[in-house]
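First up is the structure itself, then whatever we jot down about it.
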Amino acid sequence: MERTALFENSRYRTMLSQRQLEELMLLTCGVESCVPGYEYDAGDREGYHLHVILSGKGILSVNGQITQLHFGQMFITKPGEETWYRADREDPWSYCWMAYDGTEALQYTEAAGFTSGVNWLNCRIDTSRFYTLVQNTLEYSSNLNLSGDLLRLAKLMEYLAVAIESANRDSKVAQRKPEYNSAVYVEYAVNYLQANYANAKINDVAQQIGINRSYLTSIFRKQMGLSPQEYLMQYRMDKAQDLLLESDISVQEIALRVGYENALTFSKIFKSYYGLSPAHYRQENRRTEKESG
């Protein structure tokens, strides 16, 4: 059974929600423009509360360690930690937040860069994206039905996804251990290269997967026996070979279809693979077919 309530005044708007889902649940979300010196003791509340600072500044204390924070940063409170935070007296902060819990909550929190001992990070994403997600979630507070449940959960997932995207743009956080088995990344890379061989770039593949190029090259070579770039070139030549033998289109058109604007460059690469230029390869193999026929 879900209970949802919306509270708001001139500086504060929040939604309380409780739903017993095992993997992930939205506990609360909101937006607040704090009065100068406003302090909150978060030591005894449940779940993970991920805040994004929209303006101003304040301080965060976690287990006695105090940090000054400001616009463009994020901070999180975690269960079981002695935590309090206070708005600056001269330039008090405003922030939005989503609070969540569940069996997968810790995994998502760490994927967003908030590993053990880390309670704040620089935000590498436009903070308005977080604000918009929270505001959209608040609009669904009165929808006490399955549709509303799913919409609120979807917004929480998107909020966490944007936080993870921010972490992936932070060079220090991005060096953490990859989240999936290397075989999964290689399989995705192979599928991507095959589907986009005419215009694929290895940097694009790595970015799509969410890992850096050097790591992709390392695991790809280990599993496939060649680098992603070598695999892409081989796949292009295989496609070119098929087009030469199975169609009458020009060599220049084949070059374009397999990703080469310059037909001369394509011809040189093709010859390095098959020992003949594309035109001669087509001529020789079709002559062989006729003779064997």
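Taking interchain pairs and intrachain pairs at least six residues apart, which have beta carbon atoms under 9 angstrom, with the first residue in the range 42-55 and in the same structural domain as Y95 (by TED's automatic domain parsing) and within 12 Å of W97 (Cα to Cα) and the second part of a strand (DSSP E or B) and acidic (D, E)?
As it stands, the answer is Y48/D101, since those pairs meet every condition given.
From the list T67, T14, T77, T83, pick out the single residue that is at pLDDT below 90 and not small (G, A, S). I'd like the intermediate steps shown before the answer.
Values: T67 fails: at pLDDT below 90; T77 fails: at pLDDT below 90; T83 fails: at pLDDT below 90.
Exactly one residue qualifies, and that residue is T14.
Quick check: is even one residue across the range 179-188 surrounded by 17 or more Cβ atoms within 10 Å (Cβ to Cβ) and in contact (Cβ under 8 Å) with a residue 40 or more places away in the chain?
No, that holds for no residue.
Taking the range 55-77, which residues are under 18 Å from Y159 (Cα atoms) and buried (at least 19 other Cβ atoms within 10 Å of the Cβ)?
Hits for the range 55-77 are Q73, M74, F75, I76, T77.
For T67, work out the one condition from (1) assigned to a loop (DSSP other than H, G, I, E, B); (2) among the hydroxyl-bearing types (S, T, Y); (3) in contact with a Leu (Cβ under 9 Å, 6 or more places away or on another chain) it doesn't fulfil.
Failing condition for T67: (1).
Within the range 206-239, track down each residue that is more than 19 Å from A195 (Cα to Cα) and hydrophobic (A, V, I, L, M, F, W, C).
I211, I219
Within the range 283-293, can one find any residue that is in contact with a Phe, Trp or Tyr (Cβ under 7 Å, 6 or more places away or on another chain) and not in a loop (DSSP other than H, G, I, E, B)? Walk me through it before giving the result.
As a first pass, look at the range 283-293 and keep what is in contact with a Phe, Trp or Tyr (Cβ under 7 Å, 6 or more places away or on another chain): none.
No, the conditions are met nowhere in the range 283-293.
Looking at the structure I just gave you, is N199 surrounded by fewer than 18 Cβ atoms within 10 Å (Cβ to Cβ) and either in contact with a Ser or Thr (Cβ under 8 Å, 6 or more places away or on another chain) or part of a helix (DSSP H, G or I) (or both)?
For N199, the condition - surrounded by fewer than 18 Cβ atoms within 10 Å (Cβ to Cβ) and either in contact with a Ser or Thr (Cβ under 8 Å, 6 or more places away or on another chain) or part of a helix (DSSP H, G or I) (or both) - is not met.
Does the range 189-198 include one or more residues that are on the phi < 0 side of the Ramachandran plot and out of contact with any helix residue (DSSP H, G or I) (no Cβ under 9 Å at 6 or more places or on another chain)?
Scanning the range 189-198 turns up at least one residue that is on the phi < 0 side of the Ramachandran plot and out of contact with any helix residue (DSSP H, G or I) (no Cβ under 9 Å at 6 or more places or on another chain).
Conditions: (1) buried (at least 20 other Cβ atoms within 10 Å of the Cβ); (2) modelled with pLDDT of 90 or more; (3) part of a helix (DSSP H, G or I). A99 meets all but one. Number of the miss?
Exception for A99: condition (3).
What number goes with the only condition from (1) at pLDDT below 95; (2) surrounded by 20 or more Cβ atoms within 10 Å (Cβ to Cβ); (3) more than 24 Å from E23 (Cα to Cα) that I125 does not pass?
(2)
Does L156 fit the bill of being more than 22 Å from E22 (Cβ to Cβ), of a type in the set (A, V, I, L, M) and assigned by TED's automatic domain parsing to the domain that holds L60? Before the answer, list the steps.
Numbers: more than 22 Å from E22 (Cβ to Cβ): no; of a type in the set (A, V, I, L, M): yes; assigned by TED's automatic domain parsing to the domain that holds L60: yes.
It is false that L156 is more than 22 Å from E22 (Cβ to Cβ), of a type in the set (A, V, I, L, M) and assigned by TED's automatic domain parsing to the domain that holds L60.
Scan (1) crowded, with 22+ Cβ neighbours inside 10 Å; (2) at positive phi for the single condition Y85 breaks and write down its number.
It is condition (2) that Y85 fails.
The values are calculated or read from the model by the stated rules, or taken from the named source; none is laboratory data. Remember, predicted model here, so these are calculated numbers, not experimental data. Cβ: placed from backbone, ideal geometry, glycine included. Neighbour counts: every protein chain shown.
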